[in-house]
Amino acid sequence: MCLLETVVACSEIAIDCLAISHRNPANPLRAEGRLGAANGIEYAAQAMAVHGALLAGQTEAPRQGYLASVRSVRLLVERLDDLPQPLAIHAERLSGEGNHILYQFALSHAGQLLLDGRAAVVLDADTPQEFRP
């Protein structure tokens, strides 16, 4: 499932994407005919995944990431499917060491903030870690 339409900008620490899939009646995240605002977290997670893949470049395989937790999430609207313009998704890497990355994310529509928060991503969770006493 790919929810994002395009990458607008990408740097070592941040990515900006646009999405139009929130208006699609066949969006797989819809429930009872609507797309609730909390689904914006999945849009942000996909932007984080694209960020990691772009940073890996063509020389390395992207590492598999898992959304471990979200915190300080603010939902400022009830739903996303009734918004006529593209969604703007911004994700910024706040820190990262080894297999743990912390992102800050925000979704907006026509300049209006819809939701924001922080997400912890764990990379290669099935890879054994070196023990450090």
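Nothing in this text is a laboratory measurement; each read-out follows from the coordinates by a stated rule. Please read all numbers here as calculations on a predicted model, not as lab measurements. For neighbour counting, all protein chains shown are included, and Cβ atoms are generated from backbone atoms with ideal geometry for every residue, glycine included.
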**Study point:** Dipole of the chain, positive direction: furthest Cα of ALA31, GLN85, ALA106, with charges on the beta-carbon
**Key:** ALA31
Practice item. Return a whole-number percent for the relative contact order of segment 6-123, with Cα pairs under 8 Å and 6 or more residues apart as the contact set. Key: 30
**Study point:** Rounded to the nearest 20 debye, dipole of segment 6-123 from Cβ charges on Lys, Arg, Asp, Glu
**Key:** 180
Study note, to complete from the structure: Binned at 5 Å from zero, the C-alpha pair distances of the chain give percents of 2, 11, 20, 22, 19, 13, 8, 3, 2, 1, 0
